[in-house]
1. Using θ = phi - 60° and the Karplus curve 6.51 cos²θ - 1.76 cosθ + 1.60, what whole-Hz ³J(HN,Hα) does each residue of the range 58-67 get, with Gly and Pro shown as x?
2. List the lysines whose Cα sits under 27 Å from the Cα of residue 70, skipping any in the same chain fewer than 8 residues away.
3. For residue 54 and residue 76, compute 0.36 nm times the residue count separating them, minus their Cα-Cα distance, and round to one decimal in nm.
4. In debye to the nearest 20, how big a dipole does the range 2-85 give about its Cα centre with +1 on each Lys and Arg Cβ and -1 on each Asp and Glu Cβ?
5. Could you work out how much longer the chain between residue 161 and residue 10 gets when fully extended? Use 0.36 nm per residue separation minus the Cα distance between them, nm to one decimal.
6. Taking H placed 1.01 Å from N in the peptide plane, check which residues at least 5 places from residue 211 or on another chain put their amide H under 5 Å from its amide H.
7. Can you work out the FRET efficiency for the pair residue 116 and residue 187, with r the C-beta to C-beta distance and R0 = 22 Å, to the nearest 0.05?
Amino acid sequence: MSLRFGAGDDVTAWSHLTLNKYHRGDIPGKITKVEEDGQGQIQVTVLFDLPGEEQFNSPQVFMISADKAKITGGSAPIISMVDMKLYPKESYGIVGIWAQPEHPQWFADVNVIKFFSPEGYTNYIQSGIPLIGTSSDMGGMLSPTYKQDGSRLTFAGVDPSELPVKIIPYYGVLSADGNILYVDAYEFSRARLTASQSTFEYYGPRGVTPWLIRQ
């Protein structure tokens, strides 16, 4: 998840938040209270706006460490987190190769993925083989576009196991050091990922956020 404090009292949580349905993208919120304790920690109260889910719009309380490097807090079912780290103001670039080199079978839609710049497109290698478009409108190398916004990324995964090749919308969040890309799919029914509800681990370990490592 990416939690972003903007100008004034604006806050956005960018993730999929599981309530009685999935919410993806920006969840807007407003800071309603800021207090500093004797140790220099700052307590921030945020009220998120979930239209149609008003029963979950209770205040969320976060604690920013005295050195301003970490934030923790929140409560289920909206946000509950431990020691999220501050992402730098000057963002890391996503350009390069991202993979699970010791586990090539994990997270198959996006392992391995290469982000190019400045064109803003991607290429994919799965099981050591570059993926080639197979439908009439996908000639040559598969290269869906991507968009980076600071620590946040929207891109695509691919599944060539059926024809035509499936293009699957994904989003990602970069770690605070820029070396890990946490990923998830907007559409679970088509994605080759594991989740906390998974009954098998063909595509990765169950109950953890899928992640790729900068190569």
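Bear in mind these aren't lab numbers, they're just calculated from the coordinates by the rules spelled out. In this text, all values refer to a predicted model and were calculated from it rather than measured experimentally. Positions of Cβ are backbone-derived with ideal geometry, glycine not excepted, and every protein chain shown enters the neighbour counts.
1. So the J values, rounded to whole Hz, are 6, x, 10, 10, 10, 10, 9, 5, 4, 7.
2. Excluding near neighbours in sequence, the set is 30, 33, 85, 89, 147.
3. On the way: separation 22, 0.36 × 22 = 7.92 nm, distance 1.44 nm.
Answer, rounded to one decimal: 6.5 nm.
4. Details: 8 positive and 11 negative charges, 57 e Å.
Dipole size: approximately 280 debye.
5. Values: separation 151, 0.36 × 151 = 54.36 nm, distance 4.30 nm.
Extending this stretch completely gives an extra 50.1 nm.
6. 183
7. Numbers: r = 24 Å, r/R0 = 1.10.
After rounding, the FRET efficiency stands at 0.35.
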